[in-house]
1. Given points 7 Å out from each Cα along the Cα-Cβ axis, report the ALA14 to ARG168 separation in nanometres with one decimal.
2. Quick one: 3J(HN,Hα) in Hz for the stretch 51-67, Karplus 6.51/-1.76/1.60 with θ = phi - 60°, rounded, Gly and Pro as x.
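Coordinate-derived values only; no laboratory data. All values derive from a computational prediction rather than experimental measurement. With ideal geometry, Cβ positions are generated from the backbone for all residues, glycine too; neighbour counts draw on all protein chains shown.
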Amino acid sequence: MTTTTLCRRTDAHALAHLHNEHGKALYGFLLGLTFGDRHRAEDLLQETLFRAWKHPEVLESDHTSLRPWLYTVGRRLAIDARRARRVRPAEVGPDALDAHAPAAEDATEQAVTVLDVREALRSLSPEHRAVLVQIYFRGASVCEAAEALGVPAGTVKSRTYYALRALREAMPGYGPVPGAGPGAASGPDRRVAA
């Protein structure tokens, strides 16, 4: 582009002629790209014509019609606008914020679950309870629990198995759902089922 092209702008008559000749068809095309949003289509039409005004060399070209150029510019502007809207969070009013506010959780179920687990743990033998405390509450590995309890690792594994089995029997509402497959659990708190 030369310096004279940068300083020149399309004259108002040529731009008005361009709008009269292609504006209606371009608006219809942009309306389809914006899924019927008239305001966005009008904005894109104005931006497309603004681009033509900024580039007078387009009007001076020897093409028979400027419509392909206008459609290309309009389509690219629509794509850019859509990408920009997808990156930016949706605008909402104050009422919408209240509708999405998290509801206050009822801690009753959790409190009942804690009481049930404590009661079930009290029903275990001291050896079984000590193994579960090491493995599940302190996060110790089998070897670490064996060392802390002064028993072999195999004993820790078998005590863990029988302790969990006793817990399932002591807490029938928290066990796996019959027919739901391995790992499925029911009851107020699924984390309790092991």
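1. 8.3 nm
2. 5, 5, 5, 6, 10, x, 5, 5, 5, 8, 5, 8, 6, 6, 9, 8, 4
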